[in-house]
Structure formats: structure tokens, C-alpha cells
1. So, residue 53, is that one in a strand (DSSP E or B), more than 25 Å from residue 161 (Cβ to Cβ) and either in the same structural domain as residue 210 (by TED's automatic domain parsing) or within 16 Å of the chain's Cα centre (by Cα) (or both) or not?
2. Looking for whichever is more than 30 Å from residue 210 (Cβ to Cβ), surrounded by 16 or more Cβ atoms within 10 Å (Cβ to Cβ), in contact with a Phe, Trp or Tyr (Cβ under 9 Å, 6 or more places away or on another chain) and among the hydrophobic types (A, V, I, L, M, F, W, C) here; the options are 53, 90, 72, 24. Which one fits?
3. Taking region 228-251 only, how many residues are in contact with a strand residue (DSSP E or B) (Cβ under 8 Å, 6 or more places away or on another chain) and modelled with pLDDT under 95?
4. Got at least one residue in region 78-92 being in contact with a Cys (Cβ under 8 Å, 6 or more places away or on another chain) and touching a residue at least 60 places away in the same chain (Cβ under 8 Å)?
5. In the list 43, 48, which residue meets the criterion of being closer than 19 Å to residue 128 by Cβ, modelled with pLDDT under 95 and out of contact with any Gly (no Cβ under 6 Å at 6 or more places or on another chain)?
6. Test of understanding: among 29, 66, 48, which residue is within 18 Å of the chain's Cα centre (by Cα) and over 23 Å from residue 212 (Cβ atoms)?
7. For region 225-254, enumerate the residues that are of a type in the set (Gly, Ala, Ser) and assigned to a loop (DSSP other than H, G, I, E, B).
8. Please enumerate the residues belonging to region 25-81 that are under 26 Å from residue 137 (Cα atoms) and of a type in the set (Val, Ile, Thr).
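The values are calculated or read from the model by the stated rules, or taken from the named source; none is laboratory data. Just so we're clear, the structure is a prediction, and the values are computed from it rather than from any experiment. Here Cβ is always computed from backbone atoms with ideal geometry, including for glycine, and neighbour counts include all displayed protein chains.
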Amino acid sequence: MDGVDFPAGTPCWVDTWQPDPRAAMQFYGPLLGWSFDEPVSLGDGLEGEYFTARLAGRRVAGIGQGPPSSPAVWSTYVRVGDVDEALGSAEAAGGSRLLGPLNVGSDGRLGLLTDATGVPFGVWEAGARIGAERIGEPGAWAMSSLHSTDLERAQAFYGGLFGWELEPATEAPFRQWRLSGQVVAVATGTDGVSVPAHWSVNFAVRDPDAVVDQAAALGGAVLMAPFDTPGFRNAVIADPQGGVIAVSARTQGRV
């Protein structure tokens with residue numbers, strides 16, 4: 001999907017912060033079919049570069065230089081009108097500021113923080129770029145999911161900050177988060193031990209089994225071998241520096 005619109009309060013972008021961004025590019029480029037823009041400086045006294053990944057010429061994700069001694073992580077960003085205001089509101093609601101605001105060239109400004117349960121995520125104030133320009137197609141970000149040890153507290157935090165409403169619990173493992181009736185993310189409970197609390201990032205692919213094989217050939221690791229859920233074939237992999245993504249393909253209801 002080109003020309004994606006992301007209203008305020010909607011997850012709009014994903015990126016990974018890596019010890020070696022250029023090594024990460026060598027993994028994700030062939031794995032997901034990405035090319036990369038020339039790097040921009042993170043500014044604000046931080047060292048390192050930030051690369052925008054493109055799929056068929058459209059922006060889909062970012063790869064940046066992580067802070068010293070930090071592990072590789074993937075982050076999901078929610079669009080806000082003002083990063084400073086969002087960070088302040090999040091702190092008042094029990095979150096903690098990790099980084100920012102940071103300028104990303106002329107594209108916009110970002111902040112990294114934790115929610116009231118300690119799970120990291122990001123906020124994005126659009127400049128020249130609103131967010132991802134292709135979503136939900138092979139090689140592009142499809143959805144982000146909160147794995148939380150306290151969904152009730154998470155609902156209070158994200159509901160107060162962005163206006164999200166979490167659907168009632170059912171027998172399904174995941175619950176949908178909605179904003180103005182539209183699904184913006186999903187959530188599931190975790191004990192924090194078998195699966196750490198985190199925001200997971202899912203990319204659409206054509207063939208998860210083939211992607212798993214390619215990831216291993218590129219030096220990555222298979223954390224969850226391909227498995228089926230209603231309507232989808234899925235897998236979870238780690239890049240060579242430890243960043244984790246899920247991949248999935250529809251098996252039913254193709255359009």
C-alpha cells in the first residue's frame with residue numbers, strides 16, 4: 001500500500017537500533033528486499049548514522065546506530081503532534097524517557113520511552129515524512145504487538161496517552177487495540193519469563209519457510225520455526241546482532 005495515512009495516535013514507523021547498522025543492512029537488505037538511502041546524522045550530540053530502508057523505492061523501516069553497549073532492538077513508533085508534549089504526558093502517566101527528542105534530518109523528530117509497565121516504544125513527530133510508505137505487503141511492516149505482563153495497566157497507559165481501546169478478552173491469544181474503530185495494534189499477555197515483555201514487530205513475507213532458511217544462511221537464528229495460526233503461516237527470527245522480528249504470510253482469505 002502506497003501513500004499510507006497515519007492519524008495521530010497510530011503506529012506509523014518501525015526501526016532497529018543496532019551495534020553495527022551496516023552489518024544489519026547486509027542481513028535485512030537481501031532478506032526483505034530492501035535498498036537503503038544515504039545515512040543521516042542523528043544530531044543532538046549523538047554519534048552514529050541512521051539509514052532509511054526502502055522497498056520498491058518506498059520508505060518502509062529504519063536502521064540506526066544504537067547507544068554504546070546496548071543490544072540490537074526493534075522499536076515501534078506512534079505518531080504524535082509534539083514529541084516533547086508526548087514524552088511529558090507519558091512520564092506523568094508512569095512511563096520513563098529513554099532518549100530524545102532527536103532530530104532525524106528533515107524527516108521528523110523522535111523520542112524513545114517505556115510505558116508504565118517498562119516496555120520500550122517510540123513516538124514520532126512528522127516533518128517531511130509521516131511514516132512508512134508501504135505496509136502489509138511482502139517485505140513491509142505488517143503489525144506490531146505488545147507482549148505485556150500487565151495488560152490492564154498497559155490499557156490505562158496507552159488509552160490515556162493515545163485514546164486506544166483494548167477489546168475484551170476472548171479465547172484467542174491476541175486482543176486488538178482500536179482507535180476510532182480501526183485496529184492499530186494487538187496485545188497479548190506474557191509471564192515475562194518464557195517471553196519477555198516487549199513490542200514485537202511483524203513483517204509480511206511471501207514464504208516464511210524460505211525466509212527462515214535465508215535468515216540462517218545470512219547468519220541469523222531461528223527462534224520459532226514456521227508454525228500455523230488461523231489464516232497465517234508464521235516464524236520468529238533473530239538477526240546476527242540479536243534483533244528479533246516475526247514474519248508471516250496469509251494462508252487464507254488472500255485478496
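1. yes
2. Only one candidate passes the filter, namely 90.
3. Counting residues in region 228-251 that are in contact with a strand residue (DSSP E or B) (Cβ under 8 Å, 6 or more places away or on another chain) and modelled with pLDDT under 95 gives 5.
4. Just the residues of region 78-92 that are in contact with a Cys (Cβ under 8 Å, 6 or more places away or on another chain), to begin with: 78-79.
This time we only want the ones that are touching a residue at least 60 places away in the same chain (Cβ under 8 Å), so: 78-79.
Checked against the condition, which is being in contact with a Cys (Cβ under 8 Å, 6 or more places away or on another chain) and touching a residue at least 60 places away in the same chain (Cβ under 8 Å), region 78-92 yields at least one hit.
5. 43
6. On the way: 29 fails: over 23 Å from residue 212 (Cβ atoms); 48 fails: within 18 Å of the chain's Cα centre (by Cα).
None of the other options fit; the residue is 66.
7. Within region 225-254, 231, 242, 243, 253 meet the criteria.
8. Within region 25-81, 52, 60, 63, 73, 76, 78, 80 qualify.
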